[in-house]
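Trainee: If you scroll down you'll find the structure; I have some questions about it.
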Amino acid sequence: ALEKMVAEKGLFSFYDEGHKECCGIRKIAPLRRKLATVEAWITGQRKDQSLDTRQNISEIEVDAAFSTDEHTLVKFNPLANWTSVQVWDYIEAYQVPYNPLHEQGFKSIGCEPCTRPTRPNQHEREGRWWWEDGGKKECGLHAKNS
């Protein structure tokens, strides 16, 4: 699917057509295949992470995006009620390894061409799909949020 998309539309077609197709091929399809083999998965989603899409996530929920009639998938969001400050306090207190790009201003990290550092006072998701308008900065992994 990836080779077909690139052959037909070019390597950077997502800049013109949006990121949904590219994310679907590179992220959602592989995750869907893996999640079909497990009963539950854990995410790092937080309510404060999004401008308008994550405020209603629960710590434990049925994953509406990846469940099927034959397979109910549970999604754990243990950080749902944490703030960014609490996450970084925990990282520092327990010396949890983290991606060094955070120190270069990348508050939310995705694919290389789709992510850039944010400026001071920008919301962390504003560095994702920076060429697109709007606040719904979701790739589709958490489709209920979109």
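Trainee: Which of the pairs Lys20/Lys47; Lys75/Lys107; Lys27/Lys75; Lys9/Lys107 have their Cα atoms more than 19 Å apart in this structure?
Mentor: Numbers: Lys20/Lys47 22 Å; Lys75/Lys107 23 Å; Lys27/Lys75 17 Å; Lys9/Lys107 30 Å.
From Lys20/Lys47; Lys75/Lys107; Lys27/Lys75; Lys9/Lys107, over 19 Å: Lys20/Lys47; Lys75/Lys107; Lys9/Lys107.
Trainee: So if R0 is 41 Å, what FRET efficiency would Ser58 and Asp133 give, r being the distance between their Cβ atoms, rounded to the nearest 0.05?
Mentor: The formula returns an efficiency of 0.90 here.
Trainee: Give the residue list of chymotrypsin sites (Phe, Trp or Tyr not before Pro) in segment 1-89 that are DSSP loop and have at most 16 other beta-carbon atoms within 10 angstrom.
Mentor: Filter output for segment 1-89: Phe12.
Trainee: Given a Förster radius of 25 Å and the C-beta distance between Glu92 and Ala40 as r, what FRET efficiency does 1/(1 + (r/R0)^6) yield to the nearest 0.05? Before the final figure, lay out the partial values.
Mentor: Working: r = 29 Å, r/R0 = 1.15.
With a Förster radius of 25 Å, E is 0.30.
Trainee: I've got another one for you. Tell me the GluC sites (Glu not before Pro) within segment 12-103 that lie in a loop according to DSSP and have at most 13 other beta-carbon atoms within 10 Å.
Mentor: Working: sites: Glu17, Glu21, Glu39, Glu59, Glu61, Glu70, Glu92, Glu103; in loops: Glu39, Glu59, Glu70.
Filter output for segment 12-103: Glu39, Glu59, Glu70.
Trainee: Which residues does the label zone of Thr83 cover in segment 90-108, counting backbone N under 17 Å from a point 7 Å along Cα→Cβ?
Mentor: Within reach of a label on Thr83, which here means backbone N under 17 Å from a point 7 Å along Cα→Cβ, segment 90-108 contributes 90-93.
Trainee: Shape of the chain from its Cα gyration tensor (a ≥ b ≥ c, root eigenvalues): rounded if a/c is under 1.5, otherwise prolate when a/b > b/c, or oblate? Before the final figure, lay out each step's value.
Mentor: On the way: a/c = 1.76, a/b = 1.08, b/c = 1.63.
Here the chain falls in the oblate category.
Trainee: Let me ask something else about it. Which value, in debye to the nearest 20, describes the size of the charge dipole of segment 2-145 about its Cα centre when Lys and Arg Cβ atoms bear +1, Asp and Glu Cβ atoms bear -1, and nothing else is charged? Show your work: numbers first, answer last.
Mentor: Working: 20 positive and 22 negative charges, 26 e Å.
For segment 2-145, the charge dipole is close to 120 debye.
A short reminder: the numbers here are calculations on the coordinates, not readings from a lab. Treat the numbers as computed from the prediction; the structure is a model and nothing was measured. So basically every Cβ, Gly included, is an ideal-geometry build from the backbone, and we count neighbours across all protein chains shown.
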